[in-house]
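The values are calculated or read from the model by the stated rules, or taken from the named source; none is laboratory data. In this text, all values refer to a predicted model and were calculated from it rather than measured experimentally. In this analysis, Cβ positions are derived from the backbone assuming ideal geometry, glycine residues included, and neighbour counts consider all displayed protein chains. What goes into the accessible areas is simple: the full protein's heavy atoms, side chains included, and nothing from ligands, DNA or RNA. Shrake-Rupley method; radii C 1.70, N 1.55, O 1.52, S 1.80 Å.
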Amino acid sequence: MSFLEIKDVISGYGKIPILHEASLEIQEGEMVAIIGSNGAGKTTLMHTIAGFLPLMNGSISFQGVRIDNKSASEIARMGLGYVPQRKNVFAEMSVLENLQMGAYTLRNPKDKINEMLDLFPRLKERIGQKAGTLSGGERQMLALASALIVNPKLLLLDEPITGLAPQIIKGLIEMIVQICNSGTTVVWVVEENPKEVLKHADRVYLMDSGLIKMERTGKEFLEKENLEELFLGH
Ligand code: ATP
């Protein structure tokens with residue numbers, strides 16, 4: 001039994017299917033990268049796993065339990081953290097209020113918030129600032145901290161480093177690798193800096209037109225595939 005098992009999933013928007021029988025299996029503790037060109041269906045896959053899109057076919061199991069008939073909040077309570085690509089913070093709320101929102105189900109939210117502020121000192125410096133006024137990198141840190149606050153077992157990240165400055169990217173990649181090394185399984189949609197990310201990935205899935213086209217270890221992928229060709233146009 002895999003930690004996360006996605007089998008023959010068809011899903012999309014309204015009646016239009018975007019994923020066409022996508023299947024993938026993630027093991028506990030892995031870091032898995034999902035790559036593919038614009039419109040390949042990567043975000044749709046993330047939305048579907050997190051419970052925001054109904055399935056037209058197939059099944060999804062998380063820790064051996066079917067989740068494809070559960071709501072997004074039920075799935076989150078089972079230990080799935082999701083950081084979407086956009087709108088991943090409450091722009092009108094301060095950094096602290098965002099963390100408090102993330103922590104509202106916890107018995108000791110203060111301890112956990114302080115833990116996150118130690119992990120992301122940059123957020124500590126900006127504790128009272130509205131999230132909408134943070135830089136791109138700071139916003140991603142806040143989104144990550146808000147998801148991590150409940151100790152998710154599985155973290156889905158949709159392009160967390162896209163569009164950020166190189167120095168910030170380096171720090172965020174290190175942070176995400178550290179999160180994975182401390183036991184959280186990470187599934188990561190990657191568009192930019194594939195080399196930097198793939199060298200840390202246990203496995204890579206390549207998506208194209210709503211299909212899983214290829215599965216490789218991160219190392220195999222870096223050695224054998226022509227990344228420039230695959231990422232052409234980005
Ligand atoms: P990108 O890297 O550009 O974000 P992606 O691989 O994440 O691409 P998706 O965002 O999953 O791709 O989009 C897959 C397809 O689904 C695209 O053709 C897109 O136009 C379509 N799509 C996405 N969101 C919606 C929506 N809300 N309603 C209808 N179609 C949508």
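If the reach is capped at under 21 angstrom between alpha carbons, list the lysines near residue 199, excluding any in the same chain fewer than eight residues apart.
42, 170, 213, 219, 224
Using just the C-alpha positions of the range 1-99 as equal point scatterers, what log10 of I(q)/I(0) does the Debye formula give at each q in 0.20, 0.22 1/Å?
Cα-only, vacuum Debye calculation for the range 1-99: -1.07, -1.23.
When a/c reaches 1.5 or more, the comparison of a/b and b/c decides; with that in mind, is the range 88-234 rounded, prolate or oblate per its Cα gyration tensor? Could the numbers behind the result be given before it?
Values: a/c = 2.33, a/b = 1.87, b/c = 1.25.
In terms of gyration-tensor shape, prolate.
What aspartates and glutamates does residue 7 reach when the alpha-carbon gap must be under 18 Å and sequence neighbours fewer than 8 apart in one chain are set aside?
Result set, ordered by chain and number: 21, 25, 28, 68, 208, 215.
I want the local charge near residue 2. Using Cβ-Cβ distances under 9 Å, sum +1 for each Lys or Arg and -1 for each Asp or Glu among the other residues.
Local net charge: -3.
Calculate what fraction, in whole %, of the accessible area of the range 1-120 sits on carbon and sulfur atoms when a 1.4 Å probe is rolled over the protein chains. Don't skip to the answer; put the middle values down first.
Details: 3120 of 6180 Å².
Using a 1.4 Å probe with all protein chains present, the range 1-120 comes out at 51 percent carbon and sulfur.
If you rank 43, 133 by how much accessible surface each has, with a 1.4 Å probe, what is the order from largest down?
The most accessible residue leads, giving 133, 43.
Could you report the accessible area of residue 220 in Å², rounded to 10, computed with a 1.4 Å probe on the protein chains as they sit in the structure?
70 Å²
Can you pull the accessible area of residue 222 for me, 1.4 Å probe, Å² to the nearest 10?
60 Å²
Over the chain, what is the relative contact order in whole percent, taking alpha-carbon pairs under 8 Å and six or more residues apart?
Relative contact order comes out at 27 percent.
Note down the net charge around residue 89, summing +1 for each Lys or Arg and -1 for each Asp or Glu among other residues with Cβ under 11 Å from its Cβ.
So the environment of residue 89 carries a net charge of +1.
Using a 1.4 Å probe and ignoring any ligands, DNA or RNA, find the accessible area of residue 20 and quote it in Å² to the nearest 10.
70 Å²
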